[in-house]
Amino acid sequence: MTSIKGGCLCGAVRYSIDTAVTELRACHCTSCQKVSGAGGSVNALVASKDFRLEKGTLKRYSATADSGRILHRYFCGDCGSHIYSQREVTPERVVVRAGTIENAPPMKLSAHIWTKSKRPWSYIDPASSQIAGQPD
């Protein structure tokens, strides 16, 4: 398998993912709305052991998420591109922003979370899984 590569807008941050990513999850929580300036974020869930920062230094912003848990958000300090987030209680997993993946394999948006806070103009495919809040 070829590593999945990605990075930030300005190129200061580069990363690789050493596992297959086939499914994506859209988050409609209010924090993802504010970070993206849009209806939320689209994410790939990856084991921390399979994510490797290749270049650059990320800045971290930590806050209490809508779930009530501490969420660390990692981003490029130069251009502001949000690269991934990680819940304090699940350090074994990172949630990579799908838009930062450059050689994306075929992936499908399979679930929408935090649908109770989605924007009225956000479209959710009725065939996808929908979860009102944070999945277990």
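The values are calculated or read from the model by the stated rules, or taken from the named source; none is laboratory data. None of these values were measured; they are calculated from a predicted model. Note: ideal-geometry Cβ built from the backbone for every residue, glycine included; neighbour counts use all protein chains shown. Accessible surface is based on the protein model in full, side chains and every heavy atom, while ligands, DNA and RNA are left aside. Shrake-Rupley method; radii C 1.70, N 1.55, O 1.52, S 1.80 Å.
Here the simple spin-label model places points 7 Å from the Cα toward Cβ, and for SER48 and CYS79 these points are separated by 2.7 nm. In the full protein context, the chain carries 54 Å² of accessible surface per residue, based on a 1.4 Å probe and ignoring ligands, DNA and RNA.
Once the convex hull of all Cα atoms in region 58-136 is built, its volume per residue stands at 138 Å³.
Ligands, DNA and RNA left out, the accessible area of region 10-136 computed with a 1.4 Å probe is 51% carbon and sulfur.
How many percent of all Cα-Cα pairs in the chain sit more than 23 Å apart? Write out the running numbers ahead of the final one.
On the way: 2766 of 9180 pairs.
Percent of Cα pairs beyond 23 Å in the chain: 30.
Taken one residue at a time, the phi angles of region 63-77 give Karplus couplings (6.51, -1.76, 1.60, θ = phi - 60°) of 7, 7, 7, 4, 6, x, 9, 6, 10, 9, 10, 10, 8, 6, x Hz. Gly and Pro are set to x.
Give, rounded to the nearest 20 debye, the magnitude of the charge dipole that region 1-110 has about its Cα centre when Lys and Arg contribute +1 at Cβ and Asp and Glu contribute -1 at Cβ.
Details: 15 positive and 9 negative charges, 29 e Å.
Taking the Cα centre of region 1-110 as origin, the dipole is about 140 debye.
With θ taken as phi - 60° and the Karplus curve 6.51 cos²θ - 1.76 cosθ + 1.60 applied, the whole-hertz 3J(HN,Hα) list for region 91-100 is x, 6, 9, 10, 10, 8, 5, 4, x, 8 Hz, x standing for glycine and proline.
Which value in deg cm²/dmol, rounded to the nearest 500, describes the helix-derived mean residue ellipticity at 222 nm for the chain, given -39,500 (n - 2.57) per DSSP H run of n ≥ 4 and division by the residue count?
Numbers: 1 runs with 7 residues, N = 136.
Rounded to the nearest 500, the figure is -1500 deg cm²/dmol.
Taking 7 Å steps out from each Cα toward its Cβ at THR64 and ARG93 produces label points 2.2 nm apart. Restricting the trypsin sites (Lys or Arg not before Pro) of region 50-96 to loop positions (DSSP other than H, G, I, E, B) with no more than 11 neighbouring Cβ atoms within 10 Å leaves nothing. 3J(HN,Hα) along region 37-54, derived from phi through the Karplus expression 6.51 cos²θ - 1.76 cosθ + 1.60 where θ = phi - 60°, amounts to x, 9, x, x, 10, 10, 9, 10, 8, 9, 5, 4, 5, 9, 9, 9, 6, 8 Hz, with x in place of Gly and Pro.
When the Cα positions of THR19, THR30, PRO135 are compared along the charge dipole of the chain, THR30 comes out farthest toward the positive end, with charges on each C-beta of Lys, Arg, Asp and Glu.
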